[in-house]
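The values are calculated or read from the model by the stated rules, or taken from the named source; none is laboratory data. Please read these numbers as outputs of a predicted model, since none were measured by experiment. Every residue, glycine as well, gets a Cβ built from its backbone with ideal geometry; the counts of neighbours run over all protein chains shown. Note: accessible area is taken over every heavy atom of the protein model, side chains too, but ligands, DNA and RNA are not part of it. Shrake-Rupley method; radii C 1.70, N 1.55, O 1.52, S 1.80 Å.
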Amino acid sequence: MISVEEALEKVLSHVKVLGPEEKPILDCLEQVLAEDVYSPIDIPPLDNSAMDGYALRAEDTRGASKSSPRYLVVVGEIAAGSMPAKEVRPGTAIRIMTGAPLPEGADAVVRFEDTDEVSRKLSGGDLSHIGILCQAKKGLDVRCRGEDIAKGDLILKKGKVLRPQEIGVLASLGQSTAVVVRRPIVAILATGDELTGVDQPLASGKIHDSNTYTIAAEVSRYGGIPKILGIGRDSVQSLTEKIKEGLDADMLITSGGVSKGDYDIVKDVLAAHGEVGFWTVCMKPGKPLAFGLMKKTEGRSEKKVPHLGLPGNPVSSMVTFEQFARPAILKMMGKEMLAKPAIRAIIEDDVVNTDGRRIFARVNVTRRGGQYYASVTGPQGSGILTSMAKANGLAVISENSKGVKAGDMVEVQMLDWGGEQGEAKTLPIISIVGKSQSGKTVLMEKLIVEFKIRRYKVAALKHSRGGMEIDRPGKDSWRFAQAGSEAVLISSPDKLAFIKSVDHDLDIEEILPTFGSEFDLVLAEGFRKSKNPKIEVHRKELGDDLLCSPEELSAIVTDGPLDIDVAQLPWGDTVAVADFIEKNFLRTVN
Ligand code: AMP
Ligand code: MG
């Protein structure tokens, strides 16, 4: 028996990233860019106004206020899409709409609300002049040429998966097509004398072929193009003919015929046309699996088409598809994230493991009170496809365990979770910031305890201005670093420490990969410049001002309410802070 990992590694070692194709951007959704995209233009192409208002010279507004307006002569108006006909000379202004090019001479825009335009109109006054009610700085509400994208900039890198936003970016560059890794064509063949087409009446002893449809739908879901070959009968001739029809595809998937009964026919056919291995994979459902390379001669050259032979039982074929065919299709499409999105959940039923295989139990995951729960979807026979239809995940139970008991924590591969983007489990990172003595370390400590109680796996991140206690001179790790090792990893039976020399103060994004992906939440102390959600701890006695501006904060934890528009949580109430984090940042699944 080989492990799931070994089987996957073998499959992946035989599939390659496919070649490029150029096509209209709207047809490229979820495909991978095959070349870098540089901008042929500046965006925006000209300096323009970010507001509806008046384009003017900032110096003409010096000292302006509501009580002492500065009056300017209005010399024209510019709408978005047209070019200014006049320039702004000292003492003048031009009425301007959002997106309209900034006229020559102007260096700022004052929005309507900061002028007397409305009161002038109401009092029937003329608009040949305008009163400016605030002092403008140079550049106020001006969007500069090339501010978003500069001509020649590398905008999208090869390897990027195109989502609607990237397709929009391509359109903004004036690119109507993109060069992407092409989608694999996957030929699908069901085998078995008992199978009847979906639109045929059932004779006695027969069943409808459902695998073709499940597999074709999965191929489409993950970005491939299914090519349905139909039903092959359990005879050498029938199978040989059908398989030939599939050899112009990029991959061939068959179902059935790999278990003991019809093993020999399939084995003979496959062996005659390629190199095929029959494996017993340490998993349940899905133990028998075939994999090989089918040969196709094209003139003088010989092409090899990867062939994956899935078991016939409908649940087994689907579970093995998810484990082996899906990653192969994603790899051919040039994707790098091949693992299924996974979460940790409390299992609500016992699952026994009698024969030391990895169990993929069909479960339905729900979220209650900040925790995921997984309940098994009824009888788990590998022929019961409705157990799959009721499931939104596969709970993974180790081959090295005797099973799990209700209440145990398990990993669940989510079947439905945001399609391809959901693959990387995004790890929520919350920074706890605050002045020194505000109590942020205490809050961190209490939150860690609280989330532990709520069964989250928490990692803590601490920014230290000075050196590090663990990196003491004289220690072996220190000596290795002195000798020139860029990174030192010290491992012991119960701890792992990683010390790496860095040439700048890293931000959270740079540090995060060293954590790995096993955590549910990262709590960071400090890192006030990071773009991750931040909660500031504030104490009245340290002054009313905050370290961060209100727009940067998700909440403040304070012992004296402040008159600002940010969620405020009571200082000392860890449960309230944990509830806030859980509700706002820890993801939900239905
Ligand atoms: P096999 O692997 O061919 O021995 O098939 C195992 C079980 O799966 C048998 O009960 C088959 O009838 C069933 N099965 C095989 N292929 C299909 C299919 N395409 N659709 C539905 N059930 C199938
Ligand atoms: Mg069969």
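Points to keep in mind about this one:
- Condition met for GLY223 (of a type outside the set (A, V, I, L, M) and more than 24 Å from the chain's Cα centre (by Cα)): no
- Residue within the stretch 226-243 that is more than 27 Å from GLY381 (Cβ to Cβ), of a type in the set (Gly, Ala, Ser) and within 16 Å of ligand 2 (Cβ to nearest atom) present: yes
- When the stretch 168-201 is filtered for residues that are open to solvent by 60 Å² or more (accessible area, probe 1.4 Å) and within 16 Å of ligand 1 (Cβ to nearest atom), the ones remaining, listed by number, are ASP193, GLU194, VAL198, ASP199, GLN200.
- Scope the stretch 202-217; condition among the polar types (S, T, N, Q), surrounded by 14 or more Cβ atoms within 10 Å (Cβ to Cβ) and more than 14 Å from ligand 2 (Cβ to nearest atom); matching residues: THR214
Residue by residue, here is whether (1) within 30 Å of ALA58 (Cα to Cα); (2) of a type in the set (Gly, Ala, Ser); (3) at pLDDT below 95; (4) more than 16 Å from ligand 2 (Cβ to nearest atom) holds:
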position	(1), (2), (3), (4)
PHE112	yes, no, no, yes
ILE132	yes, no, no, yes
VAL179	no, no, no, yes
ASP193	no, no, yes, no
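- Of all residues in the stretch 109-139, those being in a loop (DSSP other than H, G, I, E, B) and of a type in the set (S, T, N, Q) number 3.
- Matching residues, the stretch 550-563, being part of a loop (DSSP other than H, G, I, E, B) and either modelled with pLDDT of 90 or more or of a type in the set (Asp, Glu) (or both): LEU553, SER554, ASP559, ASP563
- Considering the stretch 178-219, and only residues there that are in contact with a strand residue (DSSP E or B) (Cβ under 6 Å, 6 or more places away or on another chain) and of a type in the set (Ser, Thr, Tyr), the residue that is nearest to GLU336 (Cα to Cα) turns out to be THR212.
- Count - residues of the stretch 222-255 that are part of a strand (DSSP E or B) and either at negative phi or among the aromatic types (Phe, Trp, Tyr) (or both): 12
- Within the stretch 140-166, the set of residues being open to solvent by less than 20 Å² (accessible area, probe 1.4 Å) and in a helix (DSSP H, G or I) comprises just one member, GLU166.
- Considering the stretch 289-301, the residues that are over 33 Å from the mean Cα position of the chain (by Cα) and not charged (D, E, K, R) include one that is nearest to ligand 1 (Cβ to nearest atom), namely MET294.
- Scanning the stretch 455-479 for residues that are open to solvent by less than 90 Å² (accessible area, probe 1.4 Å) and touching a residue at least 12 places away in the same chain (Cβ under 8 Å) returns TYR456, LYS457, VAL458, ALA459, ALA460, LEU461, HIS463, ASP471, SER477.
- All conditions but one from (1) within 30 Å of PHE360 (Cα to Cα); (2) open to solvent by 30 Å² or more (accessible area, probe 1.4 Å); (3) touching a helix residue (DSSP H, G or I) at 6+ places or on another chain (Cβ under 7 Å) apply to LYS10; the one that does not is (3).
- Scope the stretch 167-179; condition touching an Asp or Glu at 6+ places or on another chain (Cβ under 7 Å) and either polar (S, T, N, Q) or outside any strand (DSSP E or B) (or both); matching residues: THR177
- Every condition in (1) more than 16 Å from ligand 2 (Cβ to nearest atom); (2) open to solvent by less than 30 Å² (accessible area, probe 1.4 Å) is met by THR280 except one, and the failing one is (2).
- Of GLY439, GLY434, all but one fail to be modelled with pLDDT of 90 or more, in contact with a helix residue (DSSP H, G or I) (Cβ under 8 Å, 6 or more places away or on another chain) and open to solvent by less than 40 Å² (accessible area, probe 1.4 Å); the exception is GLY434.
- Test for SER220: is it surrounded by fewer than 21 Cβ atoms within 10 Å (Cβ to Cβ) and more than 16 Å from ligand 2 (Cβ to nearest atom): yes
- The set of residues from the stretch 77-95 being farther than 17 Å from ARG120 by Cβ and not in a loop (DSSP other than H, G, I, E, B) comprises just one member, ILE78.
- When the residues of the stretch 302-323 are filtered to those that are closer than 22 Å to LEU270 by Cβ and more than 16 Å from ligand 1 (Cβ to nearest atom), the one that is nearest to the chain's Cα centre (by Cα) is GLN323.
- Output for the stretch 223-257, where each listed residue is crowded, with 24+ Cβ neighbours inside 10 Å, over 30 Å from LEU29 (Cβ atoms) and of a type in the set (Val, Ile, Thr): ILE243
For (1) over 21 Å from GLY572 (Cα atoms); (2) modelled with pLDDT of 85 or more; (3) not in a strand (DSSP E or B), each residue gets a yes or a no:
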site	(1), (2), (3)
GLU445	no, yes, yes
ARG479	yes, yes, yes
LEU506	yes, no, yes
GLU509	yes, no, yes
GLU518	yes, no, yes
ALA524	no, yes, no
SER530	yes, no, yes
ILE535	no, yes, no
GLU541	no, yes, yes
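- Count - residues of the stretch 18-38 that are assigned to a loop (DSSP other than H, G, I, E, B) and crowded, with 16+ Cβ neighbours inside 10 Å: 4
- All of VAL269, VAL258, VAL276, VAL219 fail the test of being in a strand (DSSP E or B), within 16 Å of ligand 1 (Cβ to nearest atom) and aliphatic (A, V, I, L, M), apart from VAL276.
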